[in-house]
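Notes follow the structure.
The values are calculated or read from the model by the stated rules, or taken from the named source; none is laboratory data. This is a predicted model, so every value here is computed, not measured. Heads up, the Cβs are rebuilt from the backbone with ideal geometry, glycines too, and the neighbour counts pull from every protein chain shown.
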Amino acid sequence: MTAADLRDSILRHLAYSLGSDPEHATLHDWRIALSFAVRDRLVDSWFATSRAARKSGAKRVYYLSMEFLIGRLLEDAIVNLRLEEQVDKALSELGLVPREVIENEPDAALGNGGLGRLAACFMETLATIGCPAFGYGIRYENGLFRQSFDEGRQVEEAEDWLSQFHAWEFERRHLRYRICFGGEVVEEGGKPVWHGAEAVTAQAFDTPMIGWRGKWANTLRLWAAEPVKGFDLARFNRGEYAAAAEEEALGRTISRVLYPDDTTEQGKELRLKQEYFFTAASLRDILGRVEAEGGSLADLPKRAAIQLNDTHPAIAGPELVRLLHDERGMPLDQAIATARGCLSYTNHTLMPEALERWSEALMSRLLPRHMDLIERIDAAHAVEQPGRKVTLVEHGEVKMGELAFVMAHKVNGVSALHTELMKQTVFAELHRLHPTRIVNETNGVTPRRWVLSSNPRLSHLITETIGEGWVDDLDQLERLEPSLTDAAFLDAYAAAKRANKADLATWLAATHGVKVDPDAMFDVQIKRIHEYKRQHLNILEAIALWSDIRANPDGDWVPRVKIFAGKAAPGYVFAKEIIHLINDVAAVLNADPVTSPYLKVLFLPNYNVSLAERLIPAADLSEQISTAGKEASGTGNMKFALNGAPTIGTLDGANVEIRERVGTRNFFLFGMTAEEAEARRAVPDHARQAITADTRLSGALREISRGTFSGNDRHRYRGVVANLTGEDYFLVCSDFTAYWDAQRRADAAFADPETWRRMAACNTARSGWFSSDRTIRGYMSDIWGAKVLTH
Ligand code: NBG
């Protein structure tokens, strides 16, 4: 496709699809017209992929996930279809600025953080390697809330991406399922039959997910909830306008919002309804496909691999048993075995509050037949495993992690350490009963989005040096190894990073009115705000450093810009206080004429995928400082390493594997191990001891308590200080000294440009293993038994 063809296609769509006159078209119109023109180029691959899958009878992968944090789709499609040059040329000829058009697209923020972004990387990889797959999720009307600050405090506003036309989806009016809730189970003809009391319609919307070079494309099928019975005309005619629309509104509520929390359970009936809604619709869709293709349900495990992304779709176990047993007459034991043959489950956290539990009362009321079946599954499991201790229902609660485990043939963790800890802690007993069920699949990220598209300068340099093969075979980055001692390569590598930093500095000045020096170290911590991720450790270090600089302004300080971004769950008070504190500290530090040339702190609002794409290529130092044992894997850590930002981090999650690969000298390690952290917690007064032993730490805490950052208000951070000086469960104080020392080692390394560029380049050259292509190949062979398509 030439630029001229593309330009014609854009103009055609502008006029004939959008009815917009080029003389008056808005940026939005041009963006949609471009999206249509690009979309036209991928539909044929999309059809070819499903035809090839159907023809070969290939086993399909079904990825069930409450979240798909896909971000912008236009640029992804342009890059994967290799249309960058044509798009640039066509848009420029039309008098448009290409970046402005691309950045006009709102992020599809259908996820909270790592879990949802992982699902998005997986969809891209599945299409790239040609594994036939569907992603199934919810088409939330409102994605993750928009974040702004009011005097430093987080303010949440509804996100409304769908208020703009969404150019990438196709509504499938013929694909609708009726999903029921409540009601009762009655015996009919000797069989239990569930009669739901309430119903909604699940309406399918399909988005093609295109892989590298546009060869294959899979489907992301998202369900929107619609009322079964529309608008009540009789009531309307009686003048009861609001009541007439009531049922309609109720029906839509289910897909209205994404729950803004990834680590705490929402004790909400609506949440359970959302989970059942999309799981039930997806399973019906899967069985329908198998039946339409003439497959036998007894062979279901040969046709369908169904991956449960966390416990959110764990109701799939009983639902699949219900569909097979109640609705299709398969004997119960066979139905359980068949379901287990299809299902597998990924655990993403060991945080106890995030392991879902639903009250038995709620489950019985909303899903009465499922509650029966959970008990039957539990009993069958007890028979299989005499003498076992595990039960699926405990203290009146259904344990969704255990249910997912028992109904899965494989259960995986997302990093080596996390998988080990799963075996030792949350699933210790189940692991003893099923010693081969737990496997590890360390997370990965797609290099197309996270290097090729977001870091074009680095990508050009890599391609110039080793050719283009790395894009879908990231292990080839190893071939950069000989260049790591080549001064010309290292100069070019450093120049690319410097240019990315200059771009970021320009953008920060233009959009946030802040001036930063592109030669300072860009020290970046971007992720959800959570105590275990310890953004407060980072800000304490900033305060301590500020005090040191003030005490010795003529010292040899290495200029730093600390950049934070991330959202706190609206109900997570402590996390919101951390945000407030960072903003308060930033205001004081940035206004200090003595220290600010050396130390600035920025908290950028509304962290999302697009902001990550901007920040990561410009980062020097990657902050991965969670309390050991708490971060299941992390995926941001991989993106930073690939883009040449060495990590300052603990031995947690995938940090462990990153360090093994990039080399211990190219990683700033600090802090306790998971084991040591456990032991430390048992030391009475551990926080106090740590504070007494470190005058910088005690000094920083004193400044906070004194009101230095809160306009002399001594109360504002009383809660934070009390937590840190008291229980300090996440061991911020006990790890502080080690963190401070590691930061100074980072300073020393950064002060020597030769050292730093070699460390950075080593991180790029040795992180190829963290491609999601490698991860997905692992799932295919260890869990799914799926194969790639061939033309
Ligand atoms: C998150 C973990 C991360 C991990 C991602 C993806 C949840 C529940 N878990 O460490 O906190 O990288 O999952 O696996 O969001």
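Data for the structure
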| read-out | value |
| --- | --- |
| Residues (crowded, with 17+ Cβ neighbours inside 10 Å and within 16 Å of the ligand (Cβ to nearest atom)) located in region 432-446 | Ile438, Asn440, Glu441, Thr442, Asn443, Gly444, Val445, Thr446 |
| Hits in region 343-389 - residues which are modelled with pLDDT of 90 or more and basic (Lys, Arg) | Arg357, Arg365, Arg369, Arg376 |
| Residue ID - surrounded by the most Cβ atoms within 10 Å (Cβ to Cβ), chosen from residues in region 280-292 that are free of Cβ contacts under 8 Å to residues at least 60 places away in the same chain and among the small types (Gly, Ala, Ser) | Gly288 |
| Residues that are within 17 Å of Leu14 (Cβ to Cβ) and of a type in the set (Ser, Thr, Tyr), drawn from region 29-51 | Ser35 |
| Helices (runs of 4 or more DSSP H) completely within region 226-319 that count 3 or more residues being farther than 27 Å from Asn142 by Cα | 233-237, 269-292, 300-303 |
| Selection from region 146-178 of residues that are surrounded by fewer than 20 Cβ atoms within 10 Å (Cβ to Cβ), farther than 28 Å from Arg39 by Cα and not charged (D, E, K, R) | Ser148, Phe149, Gly152, Val155, Ala158 |
| Leu366 vs. criteria out of contact with any strand residue (DSSP E or B) (no Cβ under 7 Å at 6 or more places or on another chain) and crowded, with 17+ Cβ neighbours inside 10 Å | no |
| Lone qualifier among Ser633, Ser596 - being part of a loop (DSSP other than H, G, I, E, B), without any contact (Cβ under 8 Å) to a residue 40 or more places away in the chain and either at positive phi or not hydrophobic (A, V, I, L, M, F, W, C) (or both) | Ser596 |
| Region 302-317 residues that are over 19 Å from Met363 (Cα atoms) and of a type outside the set (S, T, N, Q), paired with ones that are in a strand (DSSP E or B) and within 12 Å of the ligand (Cβ to nearest atom) (beta carbon under 7 Å, 6 or more apart) | Leu308/Thr346 |
| Candidate set from region 686-735 (those that are of a type in the set (Asp, Glu) and more than 24 Å from Thr673 (Cβ to Cβ)); member that is surrounded by the fewest Cβ atoms within 10 Å (Cβ to Cβ) | Asp713 |
| Extreme residue, farthest from Lys399 (Cα to Cα), among residues of region 293-318 that are buried (at least 23 other Cβ atoms within 10 Å of the Cβ) and away from the ligand (no atom under 16 Å from the Cβ) | Ala304 |
| Restricting region 344-362 to residues that are near the ligand (Cβ under 10 Å from one of its atoms) and aliphatic (A, V, I, L, M), the residue that is surrounded by the most Cβ atoms within 10 Å (Cβ to Cβ) | Leu350 |
| Residue identified as part of a strand (DSSP E or B) and touching a residue at least 40 places away in the same chain (Cβ under 8 Å) among Val451, Val471, Val524 | Val524 |
| Residue in region 648-664 that is in contact (Cβ under 8 Å) with a residue 40 or more places away in the chain, in contact with a strand residue (DSSP E or B) (Cβ under 8 Å, 6 or more places away or on another chain) and of a type in the set (Asp, Glu) present | yes |
| Matching residues, region 642-668, being assigned to a helix (DSSP H, G or I) and touching a helix residue (DSSP H, G or I) at 6+ places or on another chain (Cβ under 8 Å) | Leu642, Asn655, Val656, Glu657, Ile658, Arg661, Val662, Arg665, Asn666 |
| 1 or more residues in contact with a strand residue (DSSP E or B) (Cβ under 8 Å, 6 or more places away or on another chain) and either within 16 Å of the ligand (Cβ to nearest atom) or under 25 Å from Leu283 (Cα atoms) (or both): qualifying strands (runs of 3 or more DSSP E) within region 73-155 | 108-110, 133-138 |
| Single residue of His460, His395 found to be at positive phi and surrounded by fewer than 16 Cβ atoms within 10 Å (Cβ to Cβ) | His395 |
| Unique residue being within 15 Å of the ligand (Cβ to nearest atom) and surrounded by fewer than 24 Cβ atoms within 10 Å (Cβ to Cβ) when the list is Leu651, Leu669 | Leu651 |
| Top-ranked residue of region 527-560 - restricted to ones that are of a type in the set (Val, Ile, Thr) and surrounded by fewer than 22 Cβ atoms within 10 Å (Cβ to Cβ), ranked as farthest from Gly649 (Cα to Cα) | Ile549 |
| Filter result (in a helix (DSSP H, G or I), within 16 Å of the ligand (Cβ to nearest atom) and crowded, with 24+ Cβ neighbours inside 10 Å) within region 406-431 | Leu417, His418, Met422 |
| Unmet requirement for Ile563, which otherwise passes all of (1) surrounded by 24 or more Cβ atoms within 10 Å (Cβ to Cβ); (2) of a type in the set (Val, Ile, Thr); (3) part of a strand (DSSP E or B) | (1) |
| Considering residues of region 711-757 that are among the basic types (Lys, Arg) and assigned to a loop (DSSP other than H, G, I, E, B) only, the residue nearest to the chain's Cα centre (by Cα) | Arg716 |
| Subset of region 231-260 that is crowded, with 16+ Cβ neighbours inside 10 Å and modelled with pLDDT under 75 - its residue that is farthest from Phe145 (Cα to Cα) | Asp232 |
| Check on Glu623, surrounded by fewer than 24 Cβ atoms within 10 Å (Cβ to Cβ), touching a residue at least 24 places away in the same chain (Cβ under 8 Å) and charged (D, E, K, R) | no |
